[in-house]
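For reference, the structure is listed below as structure tokens.
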Amino acid sequence: MFSKRTEWKLQPNRYSEACERFRAEGKIAIDLTASNPTRVGLDYASEIILQSLAALESLQYRPEAKGLLSARRAVAAYYHSLGAEVCTEQILLTTSTSEAYAFLFRLLCDAGDEILVPAPSYPLFQFLADLQDVKLVPYPLLYDHGWQIDLRGLEHQLTARSRAVLIVHPNNPTGSFVTPKEMRVLSWLCARRQMAVIADEVFLDFPLDGPPRRTSAKNAGALTFTLSGLSKIAGLPQMKASWLVTSGPEALATEAMARLDVIADTFLSMNAPVQLALPILLNQRRAFQHQLQVRLRANLKELDRQLAKQTLIERLDVEGGWYVILRVPATRSDEDLAIELLEKKSVLVHPGHFFDFPTDGYLVLSMLPQREEFRKGVEKVLSYFQAGATP
């Protein structure tokens with residue numbers, strides 16, 4: 001009765017069962033998996049944001065497949081602030097990056113075609129690919145005093161059905177940026193094989209170790225689609241406003257936008273109030289980002305301070321984003337370890353397998369929590385190992 005594309009394993013795994021059982025017993029854990037910026041004690045310009053949604057024009061229906069021009073101009077101004085000149089005709093608004101992925105998978109792929117995705121990476125991609133009848137092919141990110149794309153391994157994964165290489169800049173959860181050299185090689189590979197680059201840049205504005213990195217929005221070496229939105233860069237996931245920017249060889253980019261225009265016009269999913277508010281909402285990003293950058297760097301410094309007192313656990317290098325990876329003794333599966341940390345220490349962490357790490361021995365922590373909560377959570381995690389925990 002149901003399609004094969006939705007034949008997912010819907011039964012809860014042991015980790016989710018443990019979390020549900022913990023909550024049902026009325027217990028409270030320190031949540032080091034937090035991903036919702038609106039729930040971690042950050043200040044927002046509430047009055048300005050709410051007023052921005054009250055424009056009288058919101059009562060009028062003016063469908064525009066790419067999105068209202070005023071909103072696309074605001075996005076173009078955002079890229080101008082990053083040093084990339086993007087015209088409004090290159091921009092298409094979507095309600096989320098998930099919707100942007102769906103549009104691109106439909107644009108680039110027939111059923112069974114392949115998109116190359118990084119591993120480790122965020123698990124959402126598999127569900128989006130399943131819904132669009134697309135096959136995901138992982139390419140490895142290697143760690144050796146920092147993360148690198150295994151370019152040789154990626155090239156070996158290419159087949160006649162490869163349609164695009166997806167990069168996450170910086171990656172979630174590794175926090176690694178794609179280097180200019182890696183981008184040049186990927187663009188060359190994709191152009192040579194008539195493939196596209198899909199660049200997810202939702203965490204681009206959160207470097208942790210230096211100056212801002214270059215956006216892919218002006219990449220001209222291959223057909224490139226750059227994705228971002230309010231959810232991360234302005235801390236407003238509830239506003240449901242994202243976009244994709246098309247760049248690359250002019251003829252290909254023009255054809256791509258013409259086809260995307262039809263796809264978007266078929267759904268017309270963007271709502272008027274958020275589009276009209278987008279210039280104001282984007283302007284709020286600076287205050288939000290400043291607050292969060294201070295917190296992220298402080299939490300990372302606190303983590304390093306505590307790690308310096310022990311030798312069992314290593315923090316992997318992180319360049320940007322909201323997450324950090326710990327390499328821990330692989331005495332059991334990461335799922336078992338995460339469950340024990342919840343049950344014995346009342347702290348919630350992500351097991352590495354959630355992000356497709358190839359082996360056990362990895363925990364992923366969010367740096368979003370308030371500083372005191374993060375400090376206590378890290379203390380609990382480290383005390384578990386310092387106590388000589390065994391399987």
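FYI, it's all coordinate maths here, none of it is from the lab. Predicted model only: the values in this text are computed from it and were never measured. For neighbour counting, all protein chains shown are included, and Cβ atoms are generated from backbone atoms with ideal geometry for every residue, glycine included.
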Count, please, the residues in the range 276-315 that happen to be farther than 20 Å from GLY146 by Cβ, within 22 Å of the chain's Cα centre (by Cα) and assigned to a helix (DSSP H, G or I).
17
When the range 262-275 is checked residue by residue, the ones that are more than 23 Å from the chain's Cα centre (by Cα) and of a type outside the set (S, T, N, Q) are VAL262, ILE263, ASP265, PHE267, LEU268, ALA272, PRO273
Across the range 215-224, the tally of residues that are surrounded by 18 or more Cβ atoms within 10 Å (Cβ to Cβ) and either on the phi > 0 side of the Ramachandran plot or assigned to a loop (DSSP other than H, G, I, E, B) (or both) stands at 5
Within the range 14-61, the residues that are of a type in the set (Phe, Trp, Tyr) and not in a helix (DSSP H, G or I) are TYR44, TYR61
Considering only the range 150-166, state which residues are acidic (Asp, Glu) and either more than 14 Å from PRO118 (Cα to Cα) or in contact with a Leu (Cβ under 6 Å, 6 or more places away or on another chain) (or both).
ASP150
Failed condition for ARG193, given (1) under 28 Å from PRO358 (Cβ atoms); (2) out of contact with any Asp or Glu (no Cβ under 7 Å at 6 or more places or on another chain); (3) surrounded by 22 or more Cβ atoms within 10 Å (Cβ to Cβ):
(3)
I'd like the residue in the range 149-175 that is in contact (Cβ under 8 Å) with a residue 60 or more places away in the chain and crowded, with 24+ Cβ neighbours inside 10 Å and, out of all such residues, is nearest to ALA34 (Cα to Cα).
PRO173
Residues of the range 35-73 satisfying the condition of being of a type in the set (Phe, Trp, Tyr) and surrounded by 15 or more Cβ atoms within 10 Å (Cβ to Cβ):
TYR44
